[in-house]
1. Please verify whether B:Gln173 is away from chain A (no Cβ under 14 Å) and not β-branched (Val, Ile, Thr), treating the condition exactly as stated.
2. For A:Phe82, are the conditions met, namely being surrounded by fewer than 20 Cβ atoms within 10 Å (Cβ to Cβ) and within 12 Å of another protein chain (Cβ to nearest Cβ)?
3. Considering only residues of the range B:166-220 that are small (Gly, Ala, Ser) and within 13 Å of DNA strand D (Cβ to nearest atom), which is farthest from B:Phe152 (Cα to Cα)?
4. Residue check, B:Ala145 against (1) more than 13 Å from chain A (Cβ to nearest Cβ); (2) farther than 14 Å from B:Ile199 by Cβ; (3) within 15 Å of DNA strand D (Cβ to nearest atom), all met but one. Which one?
5. Search the range B:66-76 for residues being in contact (Cβ under 8 Å) with a residue 40 or more places away in the chain and either facing another protein chain (nearest Cβ under 7 Å) or out of contact with any strand residue (DSSP E or B) (no Cβ under 6 Å at 6 or more places or on another chain) (or both), and hand back the single one that is farthest from B:Arg107 (Cα to Cα).
6. Considering only residues of the range B:168-190 that are within 12 Å of DNA strand C (Cβ to nearest atom) and of a type in the set (Asp, Glu), which is farthest from B:Leu139 (Cα to Cα)?
7. Tally time: how many residues in the range B:191-220 are of a type in the set (A, V, I, L, M), within 16 Å of B:Lys148 (Cα to Cα), within 13 Å of DNA strand C (Cβ to nearest atom) and more than 14 Å from chain A (Cβ to nearest Cβ)?
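Coordinate-derived values only; no laboratory data. What you are looking at is a predicted structure, and each value in this text was computed from that prediction instead of being measured. All Cβ positions, even for glycine, are placed from backbone atoms using ideal geometry, and neighbour counts span all protein chains on display.
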There are 2 protein chains.
Amino acid sequence: MTVQLAISPASRSFAPWTETTIDEDGLSAGPALRYEQDREIYGEGEDADCYYKVVSGVVRTCKFLSDGRRQIDAFHVAGDVFGIETGGLHSLSAEAVSDCRIVAYRRVPLDKAGTQSVSPRLLAQVLRNLSRAQDHAVLLGRRSAIEKVAAFLLDWARQSCASGTIGLAMTRQDIGDYLGLTIETVSRTLSQLERDGVIELPSVRQIRVTNVEALNDLNG
Amino acid sequence: MTVQLAISPASRSFAPWTETTIDEDGLSAGPALRYEQDREIYGEGEDADCYYKVVSGVVRTCKFLSDGRRQIDAFHVAGDVFGIETGGLHSLSAEAVSDCRIVAYRRVPLDKAGTQSVSPRLLAQVLRNLSRAQDHAVLLGRRSAIEKVAAFLLDWARQSCASGTIGLAMTRQDIGDYLGLTIETVSRTLSQLERDGVIELPSVRQIRVTNVEALNDLNG
DNA sequence: CGTCCAGTTGACTCACCTCAAACGTGGTGG
DNA sequence: CCACCACGTTTGAGGTGAGTCAACTGGACG
């Protein structure tokens, strides 16, 4: 199983909850693992003996309901840390949205870590994820479809942008499952924004924002 | 301003990001601050020089959109920690849902904490909040009104229950803003659950669950 | 040139929202 | 003790934003 393989490079990091092998860009922490598009990195319920940092590419973390409905928690890009969990098990699953490189760090479950202290950098990463999750909740609970899409575009432009045109790594389905919408609604909303002269859609996976103010207005 | 007053008892805790004055129940960490119902504990954008732990009562943390729409992030009960933020400012506001007692702990912003390490207990609390936020996102993005209400009831029964009857600390408006619904939909859904024999509503703020399985089924 | 699959578009439906009125309960004052 | 008010809640009637189902489009690839 690839996951076994995935863990091995991290074993050089022995201290629990430390980042001794992580440096600012994460590149020298050991060889990056490669995951090709749509590969699962870990599944809901699997042992959470590692956490991860994205080196390149995009990763989605998500949850599933028993009937298959999916909610994407976040898209992670270079520098983002994901997979840090309370218990010994991952409560989300993680998948490669695009081909990507990822560094794994071995961890010890919190309940076995005793009084060993934690790097503030790690805490900062967790707090960043928490803050994103809180913003996401407002979006999911209180915004209309067009506001959701506008917020997503602004957010993604900031994260990924080679300014001018946004390159989408993900499908409409991914966007829908991130925003709590169906693909049809995502598609229709993008078309409407195009008709309104707010964006252009040179190709399916490329979006050019021609009127940022309009998006900012929609963002409240 | 009451917030100034609120901070003082925490000043006995000097080390940044430590919990030396916190013990398991949080009661001996210093005198608890009292907040009466609907008092603001801190506002969005205020300096986050303290974080907090609930001793008794219920606290809500929430965000507002510019037009007044509100999303409640979480209800916090005895033992829960809230108000730990990435930057120097609170990104949510916190208010007393019921009269409550709260302990404040002074903190130092992460960016000034340097390499000082962090208690794993604090990290565990943050991870708990993160996990709750992730569950909340699935609820907001992918569940129907009746599923939302069922999930809320089960959740709240677990947190607050003197088994048998659930005592609600919050209004329908609070529940709606937590679940991403209007008060009318919350009310109608509760009425429907009552008609279906799943719950009883002896009074507005009391709910007796008569059929837990039905709720669990709705919860997926 | 045909197949496949992601995306788009259209027609229709429905879950939830909006607006409005009625209800109930707790508090206040006569 | 009762009349009245305030406010949170419930209920009803009607509207609508987003979902559903289905047909169509357009690149990518063999």
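1. Against the criterion (away from chain A (no Cβ under 14 Å) and not β-branched (Val, Ile, Thr)), B:Gln173 does not qualify.
2. Details: surrounded by fewer than 20 Cβ atoms within 10 Å (Cβ to Cβ): no; within 12 Å of another protein chain (Cβ to nearest Cβ): yes.
No.
3. For the range B:166-220, the residue satisfying everything is B:Ser203.
4. Of the numbered conditions (1) more than 13 Å from chain A (Cβ to nearest Cβ); (2) farther than 14 Å from B:Ile199 by Cβ; (3) within 15 Å of DNA strand D (Cβ to nearest atom), the odd one out for B:Ala145 is (1).
5. Result: B:Gln71.
6. Among them, the one singled out is B:Glu184.
7. Residues flagged as of a type in the set (A, V, I, L, M), within 16 Å of B:Lys148 (Cα to Cα), within 13 Å of DNA strand C (Cβ to nearest atom) and more than 14 Å from chain A (Cβ to nearest Cβ) within the range B:191-220 amount to 1.
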